[in-house]
Structure formats: structure tokens, C-alpha cells
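This report refers to the structure that appears directly beneath it.
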Amino acid sequence: MNSVNLRVFVTTSHISTIYMTILARKTKKTDDVDILIIDTGIRRRELITLIKETASLHKWDHFEDLSESVDEQHDFKPDLRKRITRKVKSLPIIKPFYDKSLDKYLGKRDGNYRAILSSVFSKWTKNVNCSCELFLMTQTYLNRPLVQLFPNAAIHYMEHGIGDYYYFLEKEIPKGDFFAVFSKPYSQYLLKTGRTDLKAIPIPGINEFPVIAAGLFNIHTKTLELDKLHIPEKPVIYILLEAVDMYEVREEFWTAYIDHILTKVNTPEKYHFILKLHPMHSKHSLVRTEDYFRKLSLEFSVLGNEKLSSASAEVLFSKWAKNTEHVFCLFSSGCFYLSQLYDGLNIKFWYSTEFFSHYIENAPPQYKNLFVEIKPLLDEVLAEKCTAY
């Protein structure tokens, strides 16, 4: 082997793996060595399986899982210690000590992961003509040790949610371009805000997503027991129920949100409501939501068991896309993605940041600030084909 171009992709979710797989197989060249890595952090076993099954669509040269696997019953609702830490770590008297302690911890952790990654790459990096490209997300942990290992690597960012459009603007992250579903409106936004130093690029092959999603639906049938899903005769309303427990919303939020949705639905009894939960949802939010739908005597089904909640809303949606009339969310990435990926089906897409803004008074500072600061991006970039309600 005279020369190789090492292409390292770091993923965290089902949808990010799909985007990366589409790009990798569409752009692979003869001397490319493609490596897919699951980032550090806690992942449900079912999600890891979904990522592996999705990866099968491309001939990866190596696959590495650096996450911590937990069982499907794991509840991601933050415990008391984490809630307190989120609130106090930004306080002026606490922040300097917290940041110093965090830097020391991360420095040691980075060293451990550099050693692990060096071992993974050693088969190819021994070649003196080895170049490197990193395909990262803006908040993946492995970014630091990877950039430390490959300081001259070309850096590309990819997305898995709305936060990536926000964090890509931060000056602290290493410079690179951004492969994005919303590349066109985002490019216009960057130009408008004077960020001529940043570049957004369309994901090659993204127009093939509905076909790929339908294929993945079949690949995942056994893993997710998709043959057991209810196929309603009524027209469908698809609701993305987000993981907003970290905002410490008031208890009445869970039912008020459903009431808010129903203000836009004439004769709700004529529909079948499909509720898709976020992978990080809490059991409490699911119980409250299910109980309220029963109280309202509305027909519904939940894509919310521990297996289905790990699956991409955009893939599962392929089963009901042609029978869906409305998709609702607060500010879920999935809703905005669906409006782009399944365009042309006469579906009405709705988002509601205004409603949620009345429930963030107890949120930790970093989440409250993020929600406020990300709203222009939602309105000017991601909501291109969605309506506020």
C-alpha cells in the first residue's frame, strides 16, 4: 500500500449514522480507508445494534464502538445530583473551580482515548503517506483526542440535530466545513450574519433518503419487531415527543402540550395519532402522555418502547408517510428533517417554540440560553417548510 487517505467518522445516533453512511458510500475513492466509530457516552444496546445494521449499507474498513452499553430499560431522566450540577456550575463563584477541575479530568481522559485510537489506526498510520479526514459532529467527545492525534487532518462536521447548526458557529471549535441537510438556507444565514469564514455543503446523495429509509425499515424489522406495528386505517398525525426533562418543565406541561396540538386539529377523532418518543425520553413523560390520550378517548399508538425510541423518527416515518396529514413538534430535529426529506407529500409540518418558552423558567442556565439563542436558526434556517403554531 503506497498511500491511504484515512476517513474517520464519529457517530452518536441512528440518524447521524445514516447521513454518514450515505456520504461515505457516495464519495469513497480507491485510496480511502473508511472507519466508523461510535462516540463515548451511554447508549442503549438497541441503538448500537441499529447503528451496526445501518453501517452494513457501506463497506467500512473498520468499525469501533467506544460507547458504554446499557439495557433497554435505562431511564435517561437526570438524577438529583446532575440537576444540581447543571444549575450551579455556571454560577460566578463556582465556575472557575468547576472549569479547572473539568479541564484536568478531560486532559487525563483525552490521553486514554488517544492511546485507544492510536491502536485502532496503527494498521494504516504506519504508512508514511497516510493523510486523514475527520468527519465529526460539533459536540462529539472524541473530537479532542482525534484532532490531537491528527493535527493536520481536514475537518468536516456532520449533523444529527438542530444543535449542530448552533455549535458550528462557535469560535472555539476547530475550523472545518459542515455537511448539512439545510445547507442552502444555512449558507444564506451565514452570509447574512457575516460568517464568511464558514461553509455549509449539501450531503451527497441525501435526495435518496426516502428509498434508503424504506430499505432500513426492512433491515431493522427483526431488531425492532416492526412487523408488530399497528397500521391504522385512519389518516395519521405524527407527533414527536421531545426529551425536555432537562428543562425541568412544570408538571402540567405534558398535558398542556397535547391540548396545544389539538387546537390545530379539526375533528381529532378522525385521526390515528402516532407518538414517537426521543431516545432520551423519561418514563414519566410517556406515562403522563399515554394517560392523557386515553382520557381524551383518542386513537393512538406509541413508538416509545425501549427499542423503538432508539430508532430514527425519519426511518420509522417511511411506513406512514403517504397516509400522514400532520407532523407536530416543539423544536424537534426530526420534524424539521422530515419536512425536507419527505417533501412533496402534502403533509403539514408544525413547530412551536413560542408555546415551550412559557415552560423554561426553571431550566438550568445553559439550556435556557441555548433555547433562546437557537430560535433565530429555527425560524430562518430549519423551518423553511414548517409552520409555527
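For segment 2-41, the candidate set comprises residues that are more than 27 Å from Phe217 (Cβ to Cβ) and in a loop (DSSP other than H, G, I, E, B); within that set, the residue that is least open to solvent (accessible area, probe 1.4 Å) is Thr40.
Looking across Cys335, Cys386, one residue alone is touching a Ser or Thr at 6+ places or on another chain (Cβ under 9 Å) and at pLDDT 95 or above. It is Cys386. Within segment 149-166, the set of residues being among the aromatic types (Phe, Trp, Tyr) and open to solvent by 40 Å² or more (accessible area, probe 1.4 Å) comprises just one member, Tyr166.
Residue count for segment 224-246 under the criterion of being under 22 Å from the mean Cα position of the chain (by Cα) and either under 30 Å from Asn362 (Cβ atoms) or not in a helix (DSSP H, G or I) (or both): the result is 10.
The values are calculated or read from the model by the stated rules, or taken from the named source; none is laboratory data. Every value quoted in this text rests on a predicted model; they were computed, and no experiment measured them. Positions of Cβ are generated from backbone atoms using ideal geometry, with glycine treated the same way; all protein chains shown enter the neighbour counts. What goes into the accessible areas is simple: the full protein's heavy atoms, side chains included, and nothing from ligands, DNA or RNA. Shrake-Rupley method; radii C 1.70, N 1.55, O 1.52, S 1.80 Å.
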